[in-house]
1. Could you pull out the residue among GLY77, GLY66 that is of a type outside the set (Lys, Arg), on the phi > 0 side of the Ramachandran plot and in contact (Cβ under 8 Å) with a residue 60 or more places away in the chain?
2. Can you pull out the residues in segment 1-42 that are of a type in the set (Gly, Ala, Ser), farther than 23 Å from CYS89 by Cα and either outside any loop (DSSP other than H, G, I, E, B) or touching a residue at least 12 places away in the same chain (Cβ under 8 Å) (or both)?
3. Yes or no: segment 121-129 includes at least one residue that is among the aliphatic types (A, V, I, L, M), in contact with a Leu (Cβ under 8 Å, 6 or more places away or on another chain) and open to solvent by 10 Å² or more (accessible area, probe 1.4 Å).
4. How many residues are over 10 Å from the mean Cα position of the chain (by Cα) and loosely packed, with under 14 Cβ neighbours inside 10 Å when one looks only at segment 66-96?
5. Enumerate the pairs (first residue in segment 80-92 and within 18 Å of GLU125 (Cβ to Cβ); second residue anywhere and among the basic types (Lys, Arg) and open to solvent by 20 Å² or more (accessible area, probe 1.4 Å)) with beta-carbon separation below 8 Å, excluding pairs fewer than 6 apart on the same chain, so at least 6 apart or on different chains.
6. Go through segment 43-59 and report how many residues are open to solvent by less than 40 Å² (accessible area, probe 1.4 Å) and either touching a Cys at 6+ places or on another chain (Cβ under 6 Å) or not aromatic (Phe, Trp, Tyr) (or both).
7. Filter segment 144-160 down to residues that are more than 18 Å from LEU129 (Cβ to Cβ) and part of a loop (DSSP other than H, G, I, E, B) and give me whichever is least open to solvent (accessible area, probe 1.4 Å).
8. Does LEU134 satisfy the criteria of being within 21 Å of ALA54 (Cα to Cα), under 15 Å from the mean Cα position of the chain (by Cα) and part of a helix (DSSP H, G or I)?
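The values are calculated or read from the model by the stated rules, or taken from the named source; none is laboratory data. Fair warning: this is a prediction, and the values are worked out from it, not measured in the lab. A quick note on method: Cβ atoms are made from the backbone with ideal geometry, for glycine too, and the neighbour counts reach across all protein chains shown. Remember, those area values only see protein heavy atoms, side chains included, never the ligands or the DNA or RNA. Shrake-Rupley method; radii C 1.70, N 1.55, O 1.52, S 1.80 Å.
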Amino acid sequence: FFRGVQKDASALGQKFSDALHKLLDDVIPALYPKLKMGVRSLTGNEAEKFLSAANLNGLPSVFYSGDDGLFLVVKEGDKFVPNSSAEICKEVQDYLVREHKYGTKVTGKMLESYFQGIGYGWDREVVQLVLAVLLRGGAVELTHQGRKYKTHDDPEVRKPFTSTNAFRSASFAPREPIGLKTLAAAARHFEEITGKEIDIEEGAIAKAFKKL
């Protein structure tokens, strides 16, 4: 039985294992319609690599387009930048925005539970990876041990992405990201003023102009 509908096991296969697999083929897409969006094989250190990378080319294939990729990084001119508009990023961002409107403090533990549950079935590492992209893309801010982080530059910001306990206790809130065109224009102006190239990222641009 599934959702009140009876299925004859003998019609699904001759062996119990065959019948069970056939039943799961029918049931899993109904219970987890967004499973394929976020199921990827990860080593677990992708989020840390992303946050500590000086530039975003040469990252694992999961970051780019392709069968195994999540389209988390896009090319803007001759540089790679975080893609906060990726389908999976929008899914997590929409949840954060929705809960934030209700006044809910969204912790990593809540995010892990929600996206591992019915409808999704994603691993915690995938959720951490998406949040790392949103943070570096300026679309979320995180609070850990009473300190708020809006950019990825500080090495301390990586703790919630490398430690399960730190992730579960950290909280995340949405931000209105600065558009890619605006960031690209700012980076171009900086290059015109100084003759130096700069990454098309909010944190890098702000830091460079403050130093200037």
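1. On the way: GLY66 fails: in contact (Cβ under 8 Å) with a residue 60 or more places away in the chain.
Answer to the check: GLY77.
2. First pass over segment 1-42, keeping only residues of a type in the set (Gly, Ala, Ser): 4, 9-11, 13, 17, 19, 30, 38, 41.
From the residues that got through so far, the ones that are farther than 23 Å from CYS89 by Cα too are 4, 9-11, 13, 17, 19.
Residues satisfying the conditions are ALA9, SER10, ALA11, SER17, ALA19.
3. Restricting attention to segment 121-129, the residues satisfying the condition of being among the aliphatic types (A, V, I, L, M) are 126-127, 129.
Checking which are in contact with a Leu (Cβ under 8 Å, 6 or more places away or on another chain) leaves us with 126-127, 129.
Filter once more, keeping what is open to solvent by 10 Å² or more (accessible area, probe 1.4 Å): none.
Looking through segment 121-129, none of the residues is among the aliphatic types (A, V, I, L, M), in contact with a Leu (Cβ under 8 Å, 6 or more places away or on another chain) and open to solvent by 10 Å² or more (accessible area, probe 1.4 Å).
4. Selection size over segment 66-96: 7.
5. GLU91/LYS34
6. Step one: filter segment 43-59 for residues open to solvent by less than 40 Å² (accessible area, probe 1.4 Å), giving 44, 46-47, 50-51, 53, 56, 59.
Within this subset, residues satisfying the condition of being either touching a Cys at 6+ places or on another chain (Cβ under 6 Å) or not aromatic (Phe, Trp, Tyr) (or both) are 44, 46-47, 51, 53, 56, 59.
Number of matching residues: 7.
7. ASP154
8. Working: within 21 Å of ALA54 (Cα to Cα): yes; under 15 Å from the mean Cα position of the chain (by Cα): yes; part of a helix (DSSP H, G or I): yes.
Answer is yes for this residue.
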